[in-house]
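Notes follow the structure.
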Ligand code: ZN
């Protein structure tokens, strides 16, 4: 991978020592995701109050990109509303798949932008996000 040094360090840091890597007790919503292309598995847990994400964590195993993405996602989404989270997911998807993304500012999440040069790794980077979306949707349905 030819990623920017700084970004590479961030991905290695989060990929080898993921933050929020545990199962939340009594989550309001959760979902499992699997990326068969790489073998990455994640389980995302959320605590939501009045449409706001109070806490978010994940378990699972996979490559450094998938773990780093899940780890940074959890940090980034705390205290965001569900609408904000879905909007960030949209932007993130653009960030890792499209060329002209200079207007997208997603802080640490931008570290993952380099995967767009490696189409096979895009699914690694978006796995946690797809799983998050699944959890949010299943949560909405069961209410
Ligand atoms: Zn992967």
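Computed from the coordinates by the stated procedures, all read-outs in this text should not be read as laboratory data. Every value quoted in this text rests on a predicted model; they were computed, and no experiment measured them. FYI the Cβ positions are ideal-geometry reconstructions off the backbone, even for glycines, and counts take in every protein chain you see.
For residue 49 and residue 79 in one chain, what is 0.36 nm times their gap in residues minus the Cα-Cα distance, to one decimal in nm?
Working: separation 30, 0.36 × 30 = 10.80 nm, distance 0.98 nm.
Full-extension gain reported as 9.8 nm.
What angle do you read, to the nearest 10 degrees and between 0 and 90, between the alpha-carbon axis of helix 5-16 and the longest principal axis of the chain?
40 degrees
To the nearest 0.05, what FRET efficiency results for residue 90 and residue 16 with a Förster distance of 25 Å applied to their C-beta separation?
On the way: r = 29 Å, r/R0 = 1.14.
Approximately 0.30, to the nearest 0.05.
Report, in degrees rounded to the nearest 10, the 0 to 90 angle that the Cα long axis of helix 64-77 makes with the longest principal axis of the chain.
Helix 64-77 and the main axis of the chain meet at about 50 degrees.
Test of understanding: ordering 48, 96 by Cβ neighbours within 10 Å, fewest first, what list do you get?
On the way: 48 20, 96 27.
The fewest-first ordering by Cβ neighbours comes to 48, 96.
To the nearest 10 degrees, how steep is helix 119-142 against the longest Cα principal axis of the chain, on a 0 to 90 scale?
Long axis of 119-142 versus the principal axis of the chain: about 10 degrees.
Summing -39500 (n - 2.57) over the DSSP H runs of n ≥ 4 in the chain and dividing by its residue number, what mean residue ellipticity at 222 nm do you reach, to the nearest 500 deg cm²/dmol?
Numbers: 4 runs with 66 residues, N = 143.
Estimated from H runs of four or more residues: -15500 deg cm²/dmol.
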